[in-house]
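Notes for the one structure printed next.
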Amino acid sequence: MPKLKTYKAAAKRFEYTGSGKLMRTKIGKSHRRRMKTKRVKRMFDEMHEVTSAGAKRRLRRLAPYLKQ
């Protein structure tokens, strides 16, 4: 069976923590950032956990070799 290709855009946006949680970044980090408040800009730097089972399953298909 041939190797599966990784969807690179998905691999760059998601990562697994040491405990196995799937984390994501927020969208809209750079576009029109000057207009946003300091508080909102700080919120963009945080990583958020992916809780949806469907999203996790989709990501496993998109990035099969992402470190788990």
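The values are calculated or read from the model by the stated rules, or taken from the named source; none is laboratory data. Quick caveat: nothing in here was measured; it's all calculated off a predicted structure. A quick note on method: Cβ atoms are made from the backbone with ideal geometry, for glycine too, and the neighbour counts reach across all protein chains shown. Only protein heavy atoms, including side chains, enter the accessible area calculation; ligands, DNA and RNA are left aside. Shrake-Rupley method; radii C 1.70, N 1.55, O 1.52, S 1.80 Å.
Laid out as a table, the results:
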| read-out | value |
| --- | --- |
| Test: residue in region 25-42 that is open to solvent by 90 Å² or more (accessible area, probe 1.4 Å) and in contact with a helix residue (DSSP H, G or I) (Cβ under 6 Å, 6 or more places away or on another chain) | no |
| Residue in region 13-39 that is nearest to LEU66 (Cα to Cα), counting only those that are among the aliphatic types (A, V, I, L, M) and modelled with pLDDT of 90 or more | LEU22 |
| Pairs with Cβ under 9 Å, 6+ apart, first in region 45-68 and within 15 Å of THR25 (Cβ to Cβ) and assigned to a loop (DSSP other than H, G, I, E, B), second of a type in the set (Ser, Thr, Tyr) and open to solvent by 60 Å² or more (accessible area, probe 1.4 Å) | ALA63/TYR7 |
| Filter result for TYR16 (of a type in the set (Phe, Trp, Tyr), touching a residue at least 12 places away in the same chain (Cβ under 8 Å) and open to solvent by 90 Å² or more (accessible area, probe 1.4 Å)) | no |
| Extreme residue, farthest from the chain's Cα centre (by Cα), among residues of region 47-63 that are over 11 Å from GLU15 (Cβ atoms) and open to solvent by less than 40 Å² (accessible area, probe 1.4 Å) | GLY54 |
